[in-house]
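The values are calculated or read from the model by the stated rules, or taken from the named source; none is laboratory data. If you're wondering where the values come from, they're calculated on a predicted model, not measured in any experiment. Glycine also receives a Cβ, built like all others from the backbone with ideal geometry; neighbour counts cover every protein chain displayed. To get the accessible areas, we keep the full protein, side chains included, count just its heavy atoms, and leave off ligands, DNA and RNA. Shrake-Rupley method; radii C 1.70, N 1.55, O 1.52, S 1.80 Å.
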6 protein chains.
Amino acid sequence: MLHILLLFSFLLSSSPAAAKDFCVADFKATQGLAGYQCKVPEEVVVDDFVYSGLNVAGNFSDISKSTINTSFVDQFPGLNGLGLSMARLDLSLGGVIPMHSHPGSSEVLLVTQGSIIAGFISSNNIVYTKTLKKGDIMVFPKGLLHFQVNSGPVPALLWSSFNSSNPGLQVLSNALFSNNLPSELIEKVTFLDELEVKRLKALFGGSG
Amino acid sequence: MLHILLLFSFLLSSSPAAAKDFCVADFKATQGLAGYQCKVPEEVVVDDFVYSGLNVAGNFSDISKSTINTSFVDQFPGLNGLGLSMARLDLSLGGVIPMHSHPGSSEVLLVTQGSIIAGFISSNNIVYTKTLKKGDIMVFPKGLLHFQVNSGPVPALLWSSFNSSNPGLQVLSNALFSNNLPSELIEKVTFLDELEVKRLKALFGGSG
Amino acid sequence: MLHILLLFSFLLSSSPAAAKDFCVADFKATQGLAGYQCKVPEEVVVDDFVYSGLNVAGNFSDISKSTINTSFVDQFPGLNGLGLSMARLDLSLGGVIPMHSHPGSSEVLLVTQGSIIAGFISSNNIVYTKTLKKGDIMVFPKGLLHFQVNSGPVPALLWSSFNSSNPGLQVLSNALFSNNLPSELIEKVTFLDELEVKRLKALFGGSG
Amino acid sequence: MLHILLLFSFLLSSSPAAAKDFCVADFKATQGLAGYQCKVPEEVVVDDFVYSGLNVAGNFSDISKSTINTSFVDQFPGLNGLGLSMARLDLSLGGVIPMHSHPGSSEVLLVTQGSIIAGFISSNNIVYTKTLKKGDIMVFPKGLLHFQVNSGPVPALLWSSFNSSNPGLQVLSNALFSNNLPSELIEKVTFLDELEVKRLKALFGGSG
Amino acid sequence: MLHILLLFSFLLSSSPAAAKDFCVADFKATQGLAGYQCKVPEEVVVDDFVYSGLNVAGNFSDISKSTINTSFVDQFPGLNGLGLSMARLDLSLGGVIPMHSHPGSSEVLLVTQGSIIAGFISSNNIVYTKTLKKGDIMVFPKGLLHFQVNSGPVPALLWSSFNSSNPGLQVLSNALFSNNLPSELIEKVTFLDELEVKRLKALFGGSG
Amino acid sequence: MLHILLLFSFLLSSSPAAAKDFCVADFKATQGLAGYQCKVPEEVVVDDFVYSGLNVAGNFSDISKSTINTSFVDQFPGLNGLGLSMARLDLSLGGVIPMHSHPGSSEVLLVTQGSIIAGFISSNNIVYTKTLKKGDIMVFPKGLLHFQVNSGPVPALLWSSFNSSNPGLQVLSNALFSNNLPSELIEKVTFLDELEVKRLKALFGGSG
């Protein structure tokens, strides 16, 4: 009666599950093109596939009145190599998720509380914007600028899903004004005027 | 002052947004390898990118005490070609999502209400199972058998995200017992006994 | 006359063949998302690209009267990164390859001896089944449950080709009954009755 | 002597070249997820694989003092399905290619005349900027904001290569200010002040 | 008892199997980037997934003393979109499969009868060659030149598997000598002498 | 005012840019399936993304009167994982780039000086050849044999772009005649005569 068990166990034991089915991130190893090296199968446990860090919001900012809590591969090792991840977005009254993009990843956004205005802008500058309420989902095609604004009378709770384990996030204001990109260059390539660039550099901690 | 506008508008108008940024499904056209042909850009509207069908549960089954409401590309045309989708799972008290797999798509599951036992089984027959509560997420690697069971005192509400616009869903009991696959064949390839196969064929509407 | 040789040799010597053309698995290195790190080109030999382990059958099981002999990347290092592999299936008289799936890989099956009934089941529970004889090939789309049964008067010899170097193999009976997944959970998510679950757990070595 | 010719011609005539080797865009057919349907092989000519439209600059803008001339799949049908394309960038004295990104495509830029300052900004807001001269190439990773500024005493001529047949191009100023995205929303999600938003809307032809 | 059946049937009937699980080629429709449009699911039958054309050899050539019989997507519609295919190679005594390559597809070759010398050449001009006997398999990395020669005292029977539904096949002698590529050009880019080019053009039916 | 900065900085600092946006090659680490492991983000500098090695030609060969200077990942670490690369081709008067192919990569060729005849050969042996002049571009579909010949009265300068970071390059004459592939085997699989094979082996440094 053990023969069939032995048969297929023999077959499978020669090629460990981690290689075939999943590749839990080994944070102690080097990082490659598409993610981390794999933990050895014997050390993989169910907690590698479960993440509880999204059950609370992060610290809110006075400016954006919002917070983003991510479960990308760096937080959730079981996602490594599987090509998907999530984030939790909390927006206070009047809160916004500033204009941003995800290089190379699309996003589906789910509203579980509150009401928001969400939108994205296509390559030919058409705006697709809509008020979303509880239970609605909206898709943001990969790499395009998009945003969310709490438009309701209560805090909004949103959940983003990405088709990348590590989607990246380029926030427009931070990209322009949180670093040492020379103001003169910014003005030339964005057509913003000098005073506005300097005001926003001060606001976002940039120099130069 | 209009020169730059014209410059870049000219550039962009020669290659419509639909081709570059997204490809909203044209349900009237033929379906290809990876999805639908694209709606012409002029007919694309914001509602192609928003879906409100998940804000209610479907009809519950007396047997599984659960329901699955999907927003795959067939329901949500804006997902076409973007490689992601969602589903809403409602489980009554004692409800289950039966053992199933998604051919070729991984899944991240979010619990927004209740408490469940969820698990998957690897190729080398190791079980990864865990009790999840509100705010927890769990990842199910592509193509592996997995399940969810409401283990709490209240209905459970779950949201699945997939890295495919059309992930497919093979429910084990239906695959075996809802069709005309001859009972003798089922017995041979599953090692179930004849009476059990016949009982389940009756339950799930199969013949043969 | 050596100039052109030197010219192109110089060009090519600066980027070793292993990186461009192939990546033979280095079994001593760590394993990553999609396979193994590469052997250094100087150590690559023709035997890395040839495998002779399929010229015999494995040990037969009394239960399934069959054996599977795989040449996946763990057995055949030259396959690493190339996205294909093979297996040899031997079925004695009355032998079966039990219901199983390959997470994320499709399969083409070639019959070189004997006659079998083969089939797969689609997501919407349609069965595609056919008797195959010597020289026939059949394709099993990725991730779907499928099986083979020797239906002829002689042993059957089959060859499977996969479009993955490490396709994975989830055998239904082993996935359900060869581990410690609690019987009560199995019953809930498969609708099998308690006695049958216990009988099969005993048969396949499971506990719980 | 014709036997071998016939042998292999027979083989190949049963599977036309267009399907295997290339898929020249049929602009009269519908457009799908990843590009156009294929011209029938009999109508494919060498001119489908050659494009002469980049041998001149486009019309210069007074504002940016630059012009972009693209050879994407919409201009160059032979690129369809092959996953690469090019563009020619001309910058007059003081000219700029404004801050922009390509959703999902990376870019390699070659300078064949003049001298420029080029740069990109990573997700964590680090600026990578460098002065490039004739013969230099620079790579811009997919989806990130980047720009070029003529920093030399002569016009600059640049050539961009993309790993997409239809890379898309989102110019920041046009995305924000060339459409009807309400000014109040822009201000909320970019932190720009009202006067500046209105000034730039006027400059770039936006409304609202 | 029918409830669960209805539940999941409803779910699945809204997204037909053809779109999720497979995409059988509709030879009457246009051909796209990666293959054919899909047959409507209602017309898909098991024979779309089975091919019996490889159970015989093709017509042998006096020159190469070999024949290739392919089951690519043009012969076997069920392969469409699944990314794999097969071919049967028969070599008489002294027969050869001439030097050739498959643009973009790797190959695994199985010997089921006879004995051959097989080999491939890497980008840096290293030759990997080996005598293969019954039961051996060898892998040929994508895009590289390779060949097979019957080296035994009996006819050889070989089976090739590819990780493409339509792998393409560029036979060196035919590519150079079966068309109207001017002899002078051939001589310049291959360094062959004029007489040899003309002799082979005569042999393979080329002109110019 | 620092709140929003802190908010998003916190978010981003937990997932370093190198993993998301790019993966600069760490030449000291092992090489994997698709390229090199990543340099740690702190050590990445702008010069990793800029390459100046193409601003000069290489050493010319008396035979081909040409030279190829590559900027593949081995020369230009910033390309690692991004899927594109370039090369500079210089052809003296009468110079040629011999018949060759790139396994698995397509190519776009730009002429910036001189005039050439360029061509490729499809799987069904059709020749696509054309005279190109300054500013013209031509695409060579992946894996197919192609060539360039200087047909003008001045040296030609060409720039190749590839959709691979490490495209590989198989030069026909070198593949056949620069190694120890036995002459008898070459004759059998190419139909070249013995004297010509021996002449070319002598020319290209082969033995056997």
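Okay, here's what the table says:
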{"read-out": "For the protein assembly as shown, size of Cβ-based charge dipole, Lys and Arg +1, Asp and Glu -1, in debye", "value": "0"}
{"read-out": "Diffusion constant of the protein assembly as shown at 4 °C, which comes from Stokes-Einstein with the Kirkwood Cα-pair radius and 1.567 mPa s, µm²/s", "value": "41"}
{"read-out": "Distance-filtered residues of region F:75-95 - backbone nitrogen under 15 Å, label point 7 angstrom along residue F:27 Cα→Cβ", "value": "F:75-80"}
{"read-out": "Region E:48-168 shape via C-alpha gyration tensor axes, a/c threshold 1.5", "value": "oblate"}
{"read-out": "Average accessible surface area per residue within chain F, 1.4 Å rolling probe, Å²", "value": "31"}
{"read-out": "Shielding by other protein chains, E:144-155, mean Cβ within 10 Å", "value": "3"}
{"read-out": "Expected 222 nm ellipticity per residue - DSSP helices of 4 or more, -39500 (n - 2.57), all of the protein assembly as shown, to 500", "value": "-5000 deg cm²/dmol"}
{"read-out": "Closest-to-axis residue of chain F (Cβ criterion, axis taking F to C), whole Å", "value": "F:32, 3"}
{"read-out": "Average beta-carbon neighbours from other chains, 10 Å sphere, peptide E:43-49", "value": "4"}
{"read-out": "A versus B: buried accessible surface, summed, Å² (probe 1.4 Å, to nearest 100)", "value": "4300"}
{"read-out": "Using a 7 Å Cα-to-Cβ projection, residue D:198 label spacings across copies, nm, ascending", "value": "2.3, 8.2, 8.4, 8.4, 9.1"}
{"read-out": "Relative contact order %, chain B, counting alpha carbon pairs below 8 Å whose residues are six or more apart", "value": "18"}
{"read-out": "Restraint check, B:28/E:20; C:39/C:142; D:142/F:65; D:134/F:65, Cα-Cα greater than 26 Å", "value": "C:39/C:142; D:142/F:65"}
{"read-out": "Inter-copy spacing of residue E:29 label points, which lie 7 Å from Cα along Cα→Cβ, given in nm from shortest upward", "value": "1.1, 1.1, 4.1, 4.2, 4.3"}
{"read-out": "Average beta carbon contacts from partner chains per residue of F:190-202, 10 Å cutoff", "value": "4"}
{"read-out": "Cα long-axis angle, helix D:3-13 against chain D (0 to 90 degrees, to the nearest 10)", "value": "40"}
{"read-out": "Helix D:194-204 vs. chain D, principal-axis angle (Cα, 0 to 90°, nearest 10)", "value": "40"}
{"read-out": "Threshold 40 Å², region D:99-124 residues less accessible with all protein chains present than alone (1.4 Å probe)", "value": "D:99, D:103, D:108, D:110, D:121, D:123, D:124"}
{"read-out": "Solvent-accessible area, 1.4 Å probe, carbon plus sulfur percent, for the protein assembly as shown", "value": "57"}
{"read-out": "Alpha-carbon centroids, region E:56-71 and region C:40-69: separation in whole Å", "value": "29"}
{"read-out": "Calculated label separations, residue C:180, copies of the chain, 7 Å along the beta-carbon direction, nm", "value": "4.5, 5.6, 5.6, 6.4, 7.5"}
{"read-out": "Charge sum, other residues only, whose C-beta stays under 12 Å from residue A:30's C-beta, Lys/Arg counted +1 and Asp/Glu -1", "value": "+1"}
